[in-house]
Each structure stands twice: as structure tokens, then as C-alpha cells.
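Before any comments, here is the structure.
The values are calculated or read from the model by the stated rules, or taken from the named source; none is laboratory data. Since the structure is predicted, the reported quantities are computational estimates derived from the model, not experimental observations. Every residue, glycine among them, receives a Cβ derived from its backbone with ideal geometry; neighbour counts consider all protein chains shown.
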């Protein structure tokens, strides 16, 4: 499954900048974030659906839907879940 193109996640730029500020997170391409040397977060889009794959500790967690043109409440819920998974990575 191909990753989202950068123009498909421009609306999430502020969220991505926040996540990049977290300890041990590195960007290796717009929207492709790593925790230490392991993939941590990236996005997919198919048939008008957009979702993120986000590591949850040592394994990949369930997909997180983040709609195109997500509203503020959806963005806040997405960020909260990504943060929860990030903390699991720190503690793994």
C-alpha cells in the first residue's frame, strides 16, 4: 500500500511539527516519522479514506483514521492517540 503524497497531508502539518518536537522522533520525509531507528508514523489514502499507521510500543497498532479535511476535534483526538502510542514506545 502506497503512502500518502505530501499534498494529501498538508492539513496535518501543525500536528506533524508537534510530533517531530518529541524526543527521539525524526522525520525521514514529509509525513514519515521514525522513533529512534524504527518507523513510527506514516499515512495512507485509498478510496477517499485516509489513515495513519502508528507504532504502539514494539508493534504497529491498529490503523487510526484521520479524514481528509479533518476538523479540530478529529485532529485533537488523533494527536492524543499518537501521543499515547509514543509514550508506549518510550516505555517498551
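Considered as a group, the residues in the stretch 39-49 that are touching a residue at least 24 places away in the same chain (Cβ under 8 Å) and more than 15 Å from residue 79 (Cα to Cα) include one that is nearest to the chain's Cα centre (by Cα), and that residue is 44.
Residues are listed down the side, and each one gets a yes or a no for (1) part of a helix (DSSP H, G or I); (2) surrounded by fewer than 16 Cβ atoms within 10 Å (Cβ to Cβ); (3) in contact with a helix residue (DSSP H, G or I) (Cβ under 6 Å, 6 or more places away or on another chain):
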{"residue": "17", "(1), (2), (3)": "yes, yes, no"}
{"residue": "23", "(1), (2), (3)": "no, yes, no"}
{"residue": "43", "(1), (2), (3)": "no, no, no"}
{"residue": "54", "(1), (2), (3)": "no, no, yes"}
{"residue": "68", "(1), (2), (3)": "no, yes, no"}
{"residue": "74", "(1), (2), (3)": "yes, yes, no"}
{"residue": "79", "(1), (2), (3)": "yes, no, yes"}
{"residue": "84", "(1), (2), (3)": "yes, yes, no"}
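Residue 48 fulfils the conditions (1) surrounded by fewer than 17 Cβ atoms within 10 Å (Cβ to Cβ); (2) within 14 Å of residue 67 (Cα to Cα); (3) modelled with pLDDT of 95 or more except for a single criterion, (3). Report, by residue number, each residue of the stretch 56-66 that is within 24 Å of residue 23 (Cβ to Cβ) and outside any loop (DSSP other than H, G, I, E, B). Residues satisfying the conditions are 56, 59, 60, 64.
Taking first residues from the stretch 56-83 that are in contact (Cβ under 8 Å) with a residue 40 or more places away in the chain and partners that are exposed (fewer than 14 other Cβ atoms within 10 Å of the Cβ) and assigned to a loop (DSSP other than H, G, I, E, B), the Cβ contacts under 8 Å between residues at least 6 apart in sequence or on separate chains come to 68/48.
Which of the residues spanning the stretch 25-41 are part of a loop (DSSP other than H, G, I, E, B), surrounded by 13 or more Cβ atoms within 10 Å (Cβ to Cβ) and touching a strand residue (DSSP E or B) at 6+ places or on another chain (Cβ under 7 Å)? The answer is 31, 32.
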